[in-house]
Amino acid sequence: MSASTKGLSRRDFLRSSAVASAVPVLGQVATTVVHAQEPVTIRLTAWGNPTEYEARLATNALFEESQDAIKVEFIHIPDSYSTKLQTMLAGGDYPDVMYIGNGWTVPFVSRGQLEPLDSYIERDMFDTDDIFQANLDLYQVDGVQYGFPLDAPNQQIFYNVTWFEEKGVPRPSSDWEDESWNWDTFLEAALALTDRDNNLWGFQVKNGFRPWWIWVTANGGSFYNEDFTACVLNEPAAVEAFEFLASLIHEHQVAPPIDVASEMGAWNIFEAGVVAMDTFWPAMGRMRNNIGDKFAWDVAPHPAGAAGKSTAGGGSGQAISAFSEQKDSAWEFLRFMASTAGVEVWTDIMGIVPPLQSVAASDVFLKPGEPPEHISVFTDGAPYLRPDPRHATFAQASSIAVSELDRLWIGQAGAQEVADSLVAQINDLL
Amino acid sequence: MAERAARLPAQGSDTQWSEQAKRLSIYVVLLAGAVIVFIPFAWTLSTALKAPDRLAEFPPRWIPDPIVWDNFPEAVTIKPFGRWFLNTLFVVGVATTGTIMSASLVAYSFARLRWPGRNLLFLVLLATMMLPDQVTLIPTFVLFRHLGWVNTYLPLIAPPFFARNAFFVFLLRQFFMTIPLDLDDAARMDGASYFQIYLRIILPMSKPALAVAAIMFSQFKWKEFLAPLIYLNKQEMFTVSLGLRTFIGESWGTEWHLMMAANIIFMIPLILIFFFAQKYFIQGVVITGVKG
Amino acid sequence: MSLVSVRSGTSRPLLRLSLSSRQSEALTGILMASPWILGFIIFIAGPMLISLYLSFTRWDLFTEPRWIGLRNFEQLFLRDAKFLLSLKVTTIYAFVSVPLQVSLGLVLANLLNQKIRLLGFFRTVYYLPSVIGGIAVAVMFRWIFGTQFGLINSMLATFGIQGPSWLGDPDLVLVSFILMSMWGAGASMLIYLGALQGIPSELYEAADVDGAGNLARFLRITVPMMTPVIFFNMIMGIITALQEFVLPFIMTRGGPANSSTFLVLYLYRNAFELFKMGYASAIAWIIFIYIMVLTVFIIRSSSMWVYYEGSLKGR
């Protein structure tokens, strides 16, 4: 594990510099906050695989080192996060700080679970300018801020450079404005890359919401109409996108059957060199570890459709429980995690796209010399992000859409038929 | 039954031959079935020894190349696995003891004693298994929170002492009902109390059943996920089944090789328990020597 | 055993014993059942009643539940096609897989109750799937039944057969789940094995005297003597099959096109993904009533086919 030892030394360096930079900030805080002799303990709920758990330990330790008034009790929820968190909240056992997916902002705020942050931001003159606006907005409801992002992931095409070179296929452009990388050239590339006899595929179509949402929006489609009175996934722009994706599986056969992705996890299939291009969110740490030098890989935007290029994503953030009894301390933790010091350590260990523009421009994120070469695709793509639609019915509506589209992916029904049927069901909710 | 099978061949060479053919066919059937049943485990083992980039090979390889033994140490050192293991032993040990004590006592009452409301309560007992856990999760959590039991092992180990798992009461009741009643009557005549009958007659005669119940309960508890998830907050207090879920990253993709390696380590104690406990089922033959 | 001498050694007046014993038996019975009765009152009854109440409300977990009478049930039965589909899917799964599991377990237990070599080994192997169970088995099966990298299909491929999409085809996915459930037959096998030890050998000896063949012995002695545990395995099979959750949750997430949306999976979605706990509670109580009706039916019918050596009926 040479990669991790290398990471460690840098991490130690980051940690010590972070403590140094965090001290002055928290110095003023200590005077304004409680002058308690006994440190208070805030409770933090978070999920986390081994990497994310390690990142949590590191940032928690860093936060505790940076001041001595607040300790963090980390409630690690390794799986079924929503089941446990919602049980705790419904049962009146409130954590102070919660790690949440951005999609939970609306349902949680509408049920009075999150503390508005505006007064804290104002009081401490906390500067949010460095945070990517699109990601900051994900934690806003009606102009009120309820949380801060911990990452700014968007989904891009990961591709196997070695494979492209072997087949003599030109690499996709990493320039967001270059529309020579469009659906036609994408299909050409996929056809040239596919070798069905040897089970090698140009692309992988997935049934999750975001992987097809990118294509729908690139073609100018939307989910709801403007006043949220109807679902419009059966209009030509969306239907064309569905048709195109389905044709990759059935007509052109450049993508394996839809269930292959869920069989072992799409990640493993890409890492094993079975598909040449695939849609992923940026968990670069994992990719670097698992692919090693087996092949070269890089990232590029999805090809431009009728309405140009597009990306989907959201990520996760942190918020304070409306029922926390230690909101000031929770706020200190929240702003620490949104500070350069916290974000640098988080980015370094997790290998994600940081929510701060300054960190995204630094070597902590760019990691020169390590793949992907065009890592700036993620940050340059910020203006192209089409976040998940925000409406009270979205969770249910997207699950209806995803399961109805199964019939298209397995070739049981045509795109228009499926779209009409899912629209009818979703309109019933509205 | 087995003793009789051994006696039969003495009857003649024809029957001996057919007896042997039958025996052979039994082995063939058992072996074929065993292979089918065993394939998933062979595959688990094979996966546990693979490098992460070799997981999705086609056609699949049974013998990984290279063989990565390091997955095993990596899977268990990645977290306080040893600590989780001890926690699990503690929880399983205490809870199994509690369940066997309480469930056998309650089952005895349901199986062999007559009291008003018994049949109705038995249906209530069965009914406790018929409602999906998901909808009682929150009220139960509120209850334990008011008792101050959250973040302790009590929600995992106290209810078993109250026969919380109706499955085992039901199971033991069914076994107890197969024991002839004459034995109880005889003991009653001799002035034995019901409790003495339970202790001196029913329990000793039910060793196979108790072994079955103990095996099944300890495995249920070993694998239990929902209650540890909800009630244990501190990572040092986790059980293995909860801690292992760390490997299933929903958005990151699962680290299959590590997860499978951890799974194998997770399973070994269960397999050992079963292997040693199954001997009790052979001893059962001795009990049937009871004659009036 | 010394029971024979116990019986002959009795010297008490029989009449007095039987008079007082009726009351003392009832008292002892309640006392001995009291751990469960207490546990039921403390841990179980409250949460169950609360969920019953919630099934008549609209509750989003966080704000006050709102009483809406039977609206959840109306919605489910009259307007929720997905619920009706999940009811159908779960019913088919339970009615096919339970009888198969019960009988496969019985056959296995009998095969493994003989004096053969490697008995412990065979028993352990057949029980293995139940040892692992839950999520680990589900994860393994996702591979085994995979279309592309799956074990079954790559074995078929070596014979030049292109295997179907076991989990990706709405018409096949339930068949795959039923096949998987057969792996769990080891658990019922274990219970049968335990019960087989309790069959008095003199019954078989008597049958030998009558010259009964193996099949006749199995049908006339083993099966009747096993009916109490067959009864058990049937009821437990129904209780668990109608509440199946892990297999579809891990392997298909209910897909494709909802064809493997089992009742509890649908319940879980409503409760924890869509914040509709009142609706989920209504589904739970429908499952409850469904299982209860089937259980009462089996119990009612049991007097016709279940034979208890220790039955209290004759007393």
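Quick notes on this one:
- Paramagnetic label zone (point 7 Å from Cα along Cα-to-C-beta, residue C:88; backbone N under 11 Å) in segment C:235-264: C:259
- Of the DSSP H helices in chain B, those with a Cα length along their own long axis of 20 Å or more and a mean Kyte-Doolittle hydropathy reaching -0.5 comprise B:13-48, B:81-112, B:207-223, B:256-277.
- Per-residue average of Cβ from other chains inside 10 Å of B:183-193: 5
- Segment A:268-325: proportion of alpha-carbon pairs further apart than 20 angstrom, %: 48
- Both radii are taken from the alpha-carbon atoms of segment A:322-385; with Rh as the Kirkwood radius, Rg/Rh is 1.11.
- Summarising the strand pairing of the protein assembly as shown, around 65 percent of its internal DSSP beta bridges are antiparallel.
- Normalised by 2.2 N^0.38 Å, where N counts its residues, the alpha-carbon radius of gyration of chain C equals 1.27.
- Point-to-point label distance, residue C:75-residue A:417, nm (Cα→Cβ direction, 7 Å offset): 3.1
- Additional length obtainable on full extension of the chain from residue B:20 to residue B:77, 0.36 nm per residue less Cα span: 15.4 nm
- Here nothing in chain A passes the span test, since no DSSP H helix has an alpha carbon length of 18 Å or more along the helix axis and a Kyte-Doolittle mean of 1.6 or above.
- Modelled spin-label separation between residue A:380 and residue A:73, with each label point placed 7 Å from Cα along the Cα-to-Cβ direction: 4.8 nm.
- Using a Förster distance of 56 Å, the FRET efficiency for residue A:38-residue C:114 (Cβ separation, nearest 0.05): 0.20
- Computed [θ] at 222 nm, deg cm²/dmol, chain B (DSSP H ≥ 4; -39,500 (n - 2.57); rounded to nearest 500): -20000 deg cm²/dmol
- The protein assembly as shown: radius of gyration over Cα atoms, expressed as a fraction of 2.2 N^0.38 Å: 1.02
- Structure-based [θ]222 nm, chain A - -39500 (n - 2.57) summed over DSSP H runs of at least 4, per residue, nearest 500: -14000 deg cm²/dmol
- Phi angles across segment A:156-165 convert, under the Karplus curve 6.51 cos²θ - 1.76 cosθ + 1.60 with θ = phi - 60°, into 3J(HN,Hα) values of 10, 7, 9, 9, 8, 4, 4, 4, 4, 5 Hz, Gly and Pro given as x.
- Alpha carbon centroid spacing (whole Å) that separates segment B:79-149 from segment A:264-304: 46
- Per-bin percent of Cα-Cα distances, chain A [10 Å]: 4, 20, 29, 25, 15, 5, 1, 0
- Mean partner shielding of peptide A:87-97, defined as the number of other chain Cβ atoms within 10 Å of each residue Cβ, is 5.
- Computed label-point distance, nm, for sites residue A:125 and residue C:154 using a 7 Å Cα→Cβ extension: 6.3
- Across peptide B:36-43, the mean count of Cβ atoms from other chains lying within 10 Å of each residue's own Cβ comes to 6.
- With K and R counted +1 and D and E -1, the other residues having a Cβ less than 14 Å from that of residue C:266 yield a net charge of +2.
- Computed over segment A:373-430, the P(r) curve from all C-alpha pair distances, binned at 5 Å from the origin, holds 4, 17, 19, 13, 13, 12, 12, 7, 1, 0 percent per bin.
- Whole-angstrom Cα spans of segment C:146-185 along principal axes, big to small: 30, 23, 14
- Debye intensity ratio in log₁₀ form over the Cα atoms of chain B, taken at each q of 0.07, 0.08, 0.15 Å⁻¹: -0.41, -0.53, -1.23
- Exposure proxy ranking, count of Cβ atoms within 10 Å, fewest first, for A:391, B:146: B:146, A:391
Read-outs throughout are calculated quantities, based only on the coordinates presented, and are distinct from any laboratory measurement. Bear in mind the structure is a predicted one, so any value in this text is a computation, not a measurement. Neighbour counts are summed over all protein chains in view; Cβ atoms, including those assigned to glycine, are modelled from backbone coordinates with ideal geometry.
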